1. Report yes if G23 is surrounded by 14 or more Cβ atoms within 10 Å (Cβ to Cβ) and modelled with pLDDT under 80, otherwise no.
2. Just to verify a result, which residue in the stretch 131-147, among those that are assigned to a strand (DSSP E or B) and over 24 Å from V80 (Cβ atoms), is modelled with the lowest pLDDT?
3. Identify, please: which residue in the stretch 208-227 is at pLDDT below 80 and part of a loop (DSSP other than H, G, I, E, B) and is, among those, surrounded by the most Cβ atoms within 10 Å (Cβ to Cβ)?
4. Is there a residue being on the phi > 0 side of the Ramachandran plot, modelled with pLDDT under 85, outside the structural domain of N137 (by TED's automatic domain parsing) and surrounded by fewer than 18 Cβ atoms within 10 Å (Cβ to Cβ) anywhere in the stretch 186-196?
5. Taking the criterion of being within 20 Å of I284 (Cβ to Cβ) and at pLDDT 85 or above, would at least one residue in the stretch 236-245 satisfy it?
6. Which of the residues spanning the stretch 150-179 are modelled with pLDDT of 85 or more and β-branched (V, I, T)?
7. Could you please let me know if I99 is among the β-branched types (V, I, T) and either within 24 Å of N210 (Cα to Cα) or in contact with a Ser or Thr (Cβ under 7 Å, 6 or more places away or on another chain) (or both)?
8. If I filter the stretch 87-96 down to residues being modelled with pLDDT of 90 or more and not in a strand (DSSP E or B), which single residue comes out as farthest from R219 (Cα to Cα)?
Amino acid sequence: MPTKKSPAKAASASVKSNAGVSGSALKAQASTWQEVATPDAGSFAAMPDGKYRAKIEEAVIEKGGKDRNRLQVKWPFRIVGPTHENRMAWMNTGLSDAIGIEFTKRVLVQLELEVPGAIEELPATLAKAKGLVVDINLKTKETDAGTFQNTYLNKLVKEDDADAGPGKEEEQVNFVGKTVEFDSEDGAIRGKVLKQDGDNLTIKDQAGDNWEAGIADVRIVESKQPAKVAAKAKPKAEVEEAPAEEPAEEPAEEPSEEAPASDWLNKTVEFSDDRGKKLQGKVIADNGEGALTVTVGSDEWEVPSEEVKEVKVSGPKKAVAKKK
């Protein structure tokens with residue numbers, strides 16, 4: 001005669017069929033389950049942004065990223081102070097492209113580890129990072145995709161400065177006003193440093209978004225790629241009162257005789273930023289060395305003349321070209 005299974009038997013059968021674990025094995029741990037306290041959910045909340053001292057756990061090479069197909073090094077940090085001891089933070093550096101590999105090598109240099117000549121030797125090098133004490137910085141960034149807390153490596157802590165505590169760094173180079181490039185989940189980002197707080201930088205990219213990055217994660221760009229320059233907004237009166245002889249001081253006629261670059265002045269042109277986005281603006285200056293200053297809305301860009309093309313506008317199209 002059919003009999004109804006008790007809830008306990010049904011649960012045991014479910015566990016056995018799903019994981020191959022018998023109910024008796026779970027029952028053996030019943031008392032321990034009751035004895036162990038349930039942790040407070042708040043203990044897993046995100047740590048406050050700021051600087052922490054940490055010890056590197058075992059760094060591993062794994063597949064990560066949005067599609068789980070990005071080869072990267074995962075750096076686990078166990079916090080040792082000044083607060084939130086034993087909490088964990090993580091940092092990933094890429095191995096799938098030149099930019100990611102450059103950051104990975106930079107971390108190895110920061111940790112004073114020998115950069116292997118062959119990538120196949122990298123696991124052995126990463127093993128030497130285990131146990132090193134470092135200062136890290138946690139910084140939260142809000143994007144359209146959500147809110148993320150990033151981890152930045154500040155420096156290796158040596159025995160002679162182990163008592164200094166995180167955040168007491170040596171004097172840093174002034175990055176304010178410099179054009180830098182760094183890696184993100186969206187790829188390489190280029191922008192200008194607006195603010196520097198120790199080894200943390202606030203960077204405005206070419207799309208107008210602000211980013212937070214550590215000095216160790218950026219590199220100074222000195223190429224002639226399109227780059228936004230600081231806006232030099234002037235009151236209308238100041239523009240009108242500018243010395244009339246200023247244009248006359250510039251050898252405006254000489255460049256036109258040597259090259260057609262000066263013919264770009266006041267023309268509407270189109271170019272692409274480092275993300276491939278097409279921008280359109282008016283040329284307001286030509287430095288005579290193949291670089292043009294182009295206004296796009298309220299922003300100014302430095303663009304190589306070979307990277308721009310003239311946009312012919314006439315009639316009603318002019319209104320579209322001037323629309324901000």
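The values are calculated or read from the model by the stated rules, or taken from the named source; none is laboratory data. Just so it is clear, the structure is predicted and the values come from calculations on it, not from any experiment. Ideal geometry is used to build each Cβ from the backbone, glycine not excepted, and the neighbour counts take in all protein chains shown.
1. Spelling it out, G23 is indeed surrounded by 14 or more Cβ atoms within 10 Å (Cβ to Cβ) and modelled with pLDDT under 80.
2. Top of the filtered list is T143.
3. Selected residue: P226.
4. yes
5. Looking through the stretch 236-245, none of the residues is within 20 Å of I284 (Cβ to Cβ) and at pLDDT 85 or above.
6. Answer for the stretch 150-179, where residues must be modelled with pLDDT of 85 or more and β-branched (V, I, T): T151, V157, V176, T179.
7. Answer is yes for this residue.
8. Filtering the stretch 87-96 for residues that are modelled with pLDDT of 90 or more and not in a strand (DSSP E or B), the one farthest from R219 (Cα to Cα) comes out as R87.
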